[in-house]
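Novice: Below: one structure in structure tokens.
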Amino acid sequence: MGYVFTIKVINMQAYKKVLVAIDLEHEAEAVIKKALAVSAEDTNIHVVYVVTPLTDALYANGLGLVSPMLEVEDLQQEAIKASKARLTSLVSSFTSANIKADVLVGDTVRTLVDEAKDIEAQVIVIGSHGKKGLQLLLGSTASGVLHHAGCDVLAVRL
């Protein structure tokens, strides 16, 4: 006995406010292209890259596992400057879109969730590239954003 299913397709409207969270090391262009694909023509697209504070990285989140470095603030500023240059270069190839790009500093998940709220994003587009364990299907950052965001989250398979 065969079954007949009727599927009603609802005409979805494209998103008007999109936060695109990229990793400058992993296929960021693909994530931006997917964001453009789900966006209306006049969409405000905000592409962000989050730099982890060097104090968190160097001091193992305050556990003091690594001795302090003298020039941490200078190193942090250099990392931000280099990230801004790479991000600007990346988004400049998408000239037809209304794209704003920023480098933010903070805990990646918390910063992305807060930024989405601040700009009243309707969707966060983020790459997924988890490699092992529970993150096999979704990277830990994408998973954290998915569980804490107050808007839709689109994880782009990389």
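The values are calculated or read from the model by the stated rules, or taken from the named source; none is laboratory data. Keep in mind that this is a model prediction, so the values were computed, not measured. Glycine gets a Cβ as well: all are built from the backbone with ideal geometry, and neighbour counts include every protein chain shown.
Novice: Exactly one of these conditions fails for Lys131: (1) basic (Lys, Arg); (2) within 21 Å of Val38 (Cα to Cα); (3) modelled with pLDDT under 90. Give me its number.
Specialist: Among (1) basic (Lys, Arg); (2) within 21 Å of Val38 (Cα to Cα); (3) modelled with pLDDT under 90, Lys131 violates only (2).
Novice: Still on this structure, I have one more. Given the structure, is Leu65 under 24 Å from Ser140 (Cβ atoms) and at pLDDT below 90?
Specialist: Yes: the conditions hold for Leu65.
Novice: With Val51, Val31, Val47, Val18 as the choices, which residue is farther than 23 Å from Gly150 by Cβ, buried (at least 18 other Cβ atoms within 10 Å of the Cβ) and at pLDDT 90 or above? Talk me through it step by step, then tell me what you get.
Specialist: On the way: Val31 fails: farther than 23 Å from Gly150 by Cβ; Val47 fails: farther than 23 Å from Gly150 by Cβ; Val18 fails: farther than 23 Å from Gly150 by Cβ.
Checking each option against the conditions leaves just Val51.
Residues are listed down the side, and each one gets a yes or a no for (1) at pLDDT 85 or above; (2) surrounded by 15 or more Cβ atoms within 10 Å (Cβ to Cβ); (3) among the aliphatic types (A, V, I, L, M); (4) part of a loop (DSSP other than H, G, I, E, B):
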{"residue": "Leu90", "(1), (2), (3), (4)": "yes, yes, yes, no"}
{"residue": "Arg110", "(1), (2), (3), (4)": "yes, no, no, no"}
{"residue": "Glu115", "(1), (2), (3), (4)": "yes, yes, no, no"}
{"residue": "Glu120", "(1), (2), (3), (4)": "yes, no, no, yes"}
{"residue": "Gln135", "(1), (2), (3), (4)": "no, yes, no, no"}
{"residue": "Gly144", "(1), (2), (3), (4)": "yes, yes, no, no"}
